[in-house]
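Please read the structure below before turning to the comments.
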Amino acid sequence: MQFIKRLLKLLILLALVFGVGFAIFSFYLWVKSAEPITSRSDTETRSNVQWLSTEKPLVFSFSRSRTHSIRVLSNAIFSEPTSLDKPINYAIEYTFLNEQKQVISSHIYHHASKLTPPDNNDLQIKQIIEDRQALLVSSGQSFYLSQDQLDKVASISLKLITEDTQVMGVVVRVHAKTLNNSDDKYSAWLKLPLERRERSSAYHSVGVNALSTTEINNAVTYSWLKLAPQGIPGIDFKADILYETLPYNVVTYDFSQQQLNLNDYYTDATLCASITLEQPDSLVFSLNTAGDINLTWYDSSQFTAPKKVNYKETAQPLTFITAPLDSGLVTICSRDPLLSNWSFNSHLPMTTAQDGYYQITESLTARYTIEANSDINIDLRSASRGHASVIVFDQDNQPIDTFTVAYNDEISGYDRVILDSTQREKVPKANQFYLRVNERASALEITTKQPLLVRVKSRSSQFNYQRTLCHSVCLDNLEFHDIAAWYEQQADNHYAFIEQDSYINIRVFQEPPAILIEDTFYQSRELFKQLPISNVALVNSPTKYFAPSTEPTPFHFALLSKKQTKAQLVQMAAGAPSTTTANVVYQLNAHAAKEVALKETDFEQLANIENSAQKIYQNWQGQRPWIKQRLYKLTANKPLKLTYPTLRPHSIVLKTYSHNAKQKIIIDVTQNAKYHGGLTHEYSITNKRLQLLPSNLSEAFLIHPKDSQLFAYPAVTQQINADIRALNNVTFTSNKTVWIAILEEYSNEEVKIRWWNDDVL
């Protein structure tokens, strides 16, 4: 009996020891298998993800009746660190299965994935923890399957196709877009918390899963339900709120076939690209393959003829750097298809412009809400010639004006659209039209019977257009900011275009400036009555490189070279023609200049001028680019109003000069006119505010014995466009006291001889 009691105590003791040991061992395994502790923000969440296999597919089932679309969100996991800008390719094979698990069809969707900086809080890229290791995660990639594709489909299987050895694996999440019960008061869109509405709107307005017109009109919301793969347990739907915070940034590197680099410029025999240099710099570029690429530099002001750009290869293969370039435009062309990647040698950011267009058809029109008395810019692109209708509605949605516009189908040699496949496709040139609507206008609709790309911008006719004018580098001014003339309008049915994949982004490039040889004449306006203080200046203004040469007049002068001023002025004066007026203008120093006529001087005075003058100008021999110009003093903040009761010029040019070398001048231009109704091909801005920076291309000085120093500025040109029915007046106001000349452009040359009829700057 005693032996049995001892044996029982021993068994109880052994059970206790075994229980404690098992608990300690379990605790050890739990601690060892725990994920590493990482810093977590309040908005960070954890999500269960599934690894894709190259052999056994993951199968996801869903309800056909309630599913509006399917989203497949994937992230590549890299086996080793890689460059942030290097795309890593992989593909997902997705197969549609019916209720009997039979294959309906199979498809492949490719992705170009890039590593995203983990410290970029804006992108919210998180790491994936696997076997207690933090793995390198790419930016999120996604593709969507519409309701039309899911007809008769009960489930979808996914399988990985690796296209790069750096891809360690791919993790996926699959969501079904499901319409909530519209009778459920908790799912009504307008009754949702404001924070959730804003978050959901921002998220759903990206890509083809944007808020639909039906969703907005019916004030209900869709939910994205996470689908669990078949045969994989442990999916915690309640704790997994990935959809709410979207910790993976979805970047559009998707493509449906082998891709081209989205950042590269594509060129071939019919498609060129261009780069604008705001300041002098060199360009660094690389090619995807060896080939001939032609670079041409253009002077935006057209004072210098286009030049071929020379470049040399760097230490990197297929990478080149150009010679130093002045500010201007560089065009990129090639005979064979080439991809080139570009950057500035100064490491300035290089951006390309993209314009968004709605692709309208007979069944899908573009409608815009507009402000009364606003001005509209309509931009049309079409692959075939045709007509479109522009209908203006009032507040009661009744049409008040209907206009018909014809457009052409000329193909652009620079602009292109980037397809879903990342291939580039040529697009037609833009057809520009303008419309001034009245006080009753409330909406605008554009209709057509054939596919047409439409872009609409608007502005108030009284808004200022603010811009800086310079001839080299426009320096930033914290007190003066450029203000664009037009602002893009979003269509009221924008999301309908998004849903139908009819919102097109076109990458646009600036084309070289056109060569326009004018057959008009510039006449200087006499301002003695309005501006009584005037003086005569000698101005050297470069001409357009293509401008035909004209016969110089006695009011054109040439600067004598240093060799000539020391020995040849007297000899040249002896050979001056007696039939024309021969004059000499000379500068004693930077602040004093005088003019003498040969008939009023003798050789001794000319010899003294040779010895004492710093610079000498003559008007009877050789090429004479310096022009006598009468300037008038315009007092600061005193408006100069020019009226036009009868004659109407083609343009009005204001040429400005100042005594101060680094002075910035602001010119306000106001135009008072009556405008044509209806659509026009040209548009005039009523109010302009222009900041002028001193020009390094033009020289000038007053012929004044004590105060001759002048500094030139870019000219201000006010075009009198075809949309103006009657021109009443144009007013110029300067914030600084300056010297000015007003030139007016007319079809016929003025009979009266003037020496200042020249408009180049």
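Taking Lys and Arg as +1 and Asp and Glu as -1, the other residues whose beta-carbon sits under 12 Å from that of Y503 total -2. Listed cross-link partners K628/K662; K307/K457; K529/K628 are compared with a 30 Å cut-off, the Cα-Cα value being larger for K307/K457. A quarter of the convex hull surface defined by the alpha-carbon atoms of the range 297-392 gives 12.0 nm² as the mean projection. Highest mean packing comes first when the peptides 627-637, 722-732 are listed by Cβ atoms within 10 Å, giving 627-637, 722-732.
Beyond a 23 Å Cα-Cα separation, which of these cross-linked pairs lie in this structure: K706/K736; K594/K736; K101/K226; K312/K429; K664/K688; K615/K706?
Numbers: K706/K736 21 Å; K594/K736 27 Å; K101/K226 21 Å; K312/K429 34 Å; K664/K688 16 Å; K615/K706 16 Å.
Pairs exceeding 23 Å: K594/K736; K312/K429.
So what is log10(I(q)/I(0)) for the range 409-471 at q = 0.12, 0.13, 0.28 1/Å, when the Debye sum runs over its Cα atoms only? Rounded to two decimals, the profile gives -0.58, -0.66, -1.30.
For the range 529-683, what is the accessible area per residue in Å², given a 1.4 Å probe and the full set of protein chains? All intermediate terms of the calculation are to be shown ahead of the outcome.
On the way: 8370 Å² over 155 residues.
Each residue of the range 529-683 exposes 54 Å² on average to a 1.4 Å probe.
Ranked by solvent-accessible area (1.4 Å probe, protein heavy atoms only, all chains present), the residues S578, S155, S63 order from largest to smallest as S578, S63, S155.
Remark on L58: its backbone amide H falls under 5 Å from those of S53, L158, a criterion applied only to residues 5 or more positions apart or on other chains, H modelled at 1.01 Å from N.
May I ask you to order 643-649, 584-590, 20-26 by the average number of other C-beta atoms within 10 Å around their residues, highest value first?
Numbers: 643-649: 12.3, 584-590: 18.1, 20-26: 9.9.
For the peptides 643-649, 584-590, 20-26, the packing ranking is 584-590, 643-649, 20-26.
Below 9 angstrom from the Cβ of A154, what's the summed charge of the other residues (Lys, Arg +1; Asp, Glu -1)? Around A154, the surrounding residues sum to +2.
The values are calculated or read from the model by the stated rules, or taken from the named source; none is laboratory data. Every value quoted in this text rests on a predicted model; they were computed, and no experiment measured them. Glycine also receives a Cβ, built like all others from the backbone with ideal geometry; neighbour counts cover every protein chain displayed. Keep in mind that these areas ignore ligands, DNA and RNA; they rest on the heavy atoms of the full protein, side chains included. Shrake-Rupley method; radii C 1.70, N 1.55, O 1.52, S 1.80 Å.
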